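The values are calculated or read from the model by the stated rules, or taken from the named source; none is laboratory data. Please read all numbers here as calculations on a predicted model, not as lab measurements. Counting neighbours? That spans all protein chains shown, and the Cβs are built from the backbone with ideal geometry, glycine included.
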Amino acid sequence: MAETVSLRRIDEADWPVVHTWGRLLEFCRFQPWGPDTPEDSRAFAAAAAAAWSQQPQTRYAYLACLDGRPIGSGELRLRDIRHRQGEIAYGLHPDEWGRGYGTAIGDELLRIGFEQMGLHRIYGTCDPRNLGSAAVLKKLGMTYEGRQRHTMLIRDGWRDSECFSILEHEWRARAE
Ligand SMILES: CC(C)(COP(=O)(O)OP(=O)(O)OC[C@H]1O[C@@H](n2cnc3c(N)ncnc32)[C@H](O)[C@@H]1OP(=O)(O)O)[C@@H](O)C(=O)NCCC(=O)NCCS
C-alpha cells in the first residue's frame, strides 16, 4: 500500500537500482535527458548524493522505498531561499505505476518541505502529455497555475510545462 513508501537519502552506491528505471525510455519520455547509460546513472547518483553536503544545500534527493525495497526516487529543490520556494519531482519504475506510490512520494516531499524546511510555496511541473504526473500534482492538493511555453527542448521537440503549486496554509489545512 502507498502508506509504506518511505524516503531515504540517495547514495552514490544506489546507481545500479536508479539505472533500472533511468535506462527506460518510458520513464524519461518527457524529460530532456535519457535513456541513461550506466555512466549517466553513476553520474546522477554521485551528483545527487554529493548535493547533501553542499552549502547552502538546495538539492534534496531521495530514494523511495517500499518496505525497504527501492522503487523510485523523489527530489525537493530549494528554488528561492529568501522567498521559501521549493520544487518537487518524482519518478518510479514502470512496474510500480498506478498504485498510488507517485502520490505517496509527493506527499512525503511536501511534508519535508513544509514541516522540516519551513517553505511557503512548493510547485511541480510536468509535460502536458504526462497525464499521470498531472494527476499526482492534483491529488497532492496543488492548484493549477498555468502552462509555461517551450520550457525544454526534448527528443521530440520543444515541450511546454504545466505548473501546479500548493501554499503552506493550504497544505496545513489538508494535513489537519
Ligand atoms: C508520474 C508517475 C510518478 C506517476 O506515478 P504513479 O505511482 O503511477 O501515480 P499514482 O498512482 O499516485 O497516481 C497516478 C494517477 O494518474 C492516473 N493516470 C495515470 N496515467 C494516466 C493517463 N494516461 N491518463 C489519465 N490518468 C492517468 C492514474 O489513474 C492515477 O489516478 P487515480 O489515483 O485517480 O486513479 C509515474 O508515471 C512515473 O514515474 N513516470 C515517469 C517519470 C515521470 O514522468 N515523473 C514525473 C516528472 S514531471
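Screening MET1 on (1) modelled with pLDDT of 95 or more; (2) surrounded by fewer than 17 Cβ atoms within 10 Å (Cβ to Cβ); (3) within 14 Å of the ligand (Cβ to nearest atom) shows it passes everything except condition (1).
Only one of GLY86, GLY68 is more than 14 Å from the ligand (Cβ to nearest atom) and more than 24 Å from ARG172 (Cα to Cα); which? Reasoning before the result, please.
On the way: GLY86 fails: more than 24 Å from ARG172 (Cα to Cα).
Result: GLY68 is the single residue among GLY86, GLY68 that is more than 14 Å from the ligand (Cβ to nearest atom) and more than 24 Å from ARG172 (Cα to Cα).
Looking only at residues of segment 100-115 that are near the ligand (Cβ under 9 Å from one of its atoms) and part of a helix (DSSP H, G or I), we find that the one that is surrounded by the most Cβ atoms within 10 Å (Cβ to Cβ) is ILE105.
Just the residues that are surrounded by fewer than 22 Cβ atoms within 10 Å (Cβ to Cβ) and within 8 Å of the ligand (Cβ to nearest atom), please, taken from segment 116-132.
Taking segment 116-132 first, the residues surrounded by fewer than 22 Cβ atoms within 10 Å (Cβ to Cβ) are 116-118, 120-121, 123, 126-132.
Hits for segment 116-132 are CYS126, ASP127, ASN130, LEU131, GLY132.
Mind checking whether some residue in segment 53-63 is among the hydrophobic types (A, V, I, L, M, F, W, C) and in a strand (DSSP E or B)? Yes; the residues of segment 53-63 include at least one that is among the hydrophobic types (A, V, I, L, M, F, W, C) and in a strand (DSSP E or B). Within this structure, ILE71 passes the test of being in contact (Cβ under 8 Å) with a residue 40 or more places away in the chain, within 19 Å of TRP21 (Cα to Cα) and of a type outside the set (Gly, Ala, Ser). Yes or no: ALA13 of a type in the set (Gly, Ala, Ser) and either modelled with pLDDT under 95 or closer than 26 Å to ILE154 by Cα (or both)? Answer is no for this residue. For first residues located in segment 129-145 and under 12 Å from CYS163 (Cα atoms) and basic (Lys, Arg), partners that are in a strand (DSSP E or B) and away from the ligand (no atom under 12 Å from the Cβ) and lie 6+ apart or on another chain with Cβ distances below 9 Å form the pairs LYS138/TYR144.
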